[in-house]
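The values are calculated or read from the model by the stated rules, or taken from the named source; none is laboratory data. Remember, it's a predicted structure, so these values are computed and weren't measured experimentally. Positions of Cβ are generated from backbone atoms using ideal geometry, with glycine treated the same way; all protein chains shown enter the neighbour counts. Side chains are part of the model used for accessible areas, which takes the heavy atoms of the whole protein and leaves out ligands, DNA and RNA. Shrake-Rupley method; radii C 1.70, N 1.55, O 1.52, S 1.80 Å.
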Amino acid sequence: QVQLVESGGGLVQPGESLRLSCAASGIIFRIHKMGWYRQAPGKERELVADIISGSNTNYADSVKGRFTISRDNAKNTIYLQMNNLKPEDTAVYYCAANPISTTRYYWGQGTQVTVSS
């Protein structure tokens, strides 16, 4: 049974930082592209960042230079370091696992990030 468990969300003020974590189980972690997606109220789910390996990463333009995705294959965990958070980053953030070269996605339950003064 595949499980993706996110943690680290919360309420912060603009300019502050948060670090999200996603622990995976039930999959062969190293053969999955892992990613973070987010969905704001009234909007579609969008890609924030994904990672195949340490140097093979992809970011949405809106987060480039502020967010960093990383993975620890020994711990079956990915991270999203979010710096200089803005109110428009407010959303539910979802962890996703995609077996490389397939169209299948596994999803976590989501964690709320709220950026507000």
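Can you name the number of the only condition in (1) of a type in the set (G, A, S); (2) buried (at least 17 other Cβ atoms within 10 Å of the Cβ); (3) at pLDDT below 95 that G54 fails?
(2)
Would you say T103 is open to solvent by 50 Å² or more (accessible area, probe 1.4 Å) and among the β-branched types (V, I, T)?
Against the criterion (open to solvent by 50 Å² or more (accessible area, probe 1.4 Å) and among the β-branched types (V, I, T)), T103 qualifies.
Out of everything in segment 97-117 that is within 21 Å of G42 (Cβ to Cβ) and among the small types (G, A, S), what residue ends up being farthest from the chain's Cα centre (by Cα)?
Per the criteria, the residue is S116.
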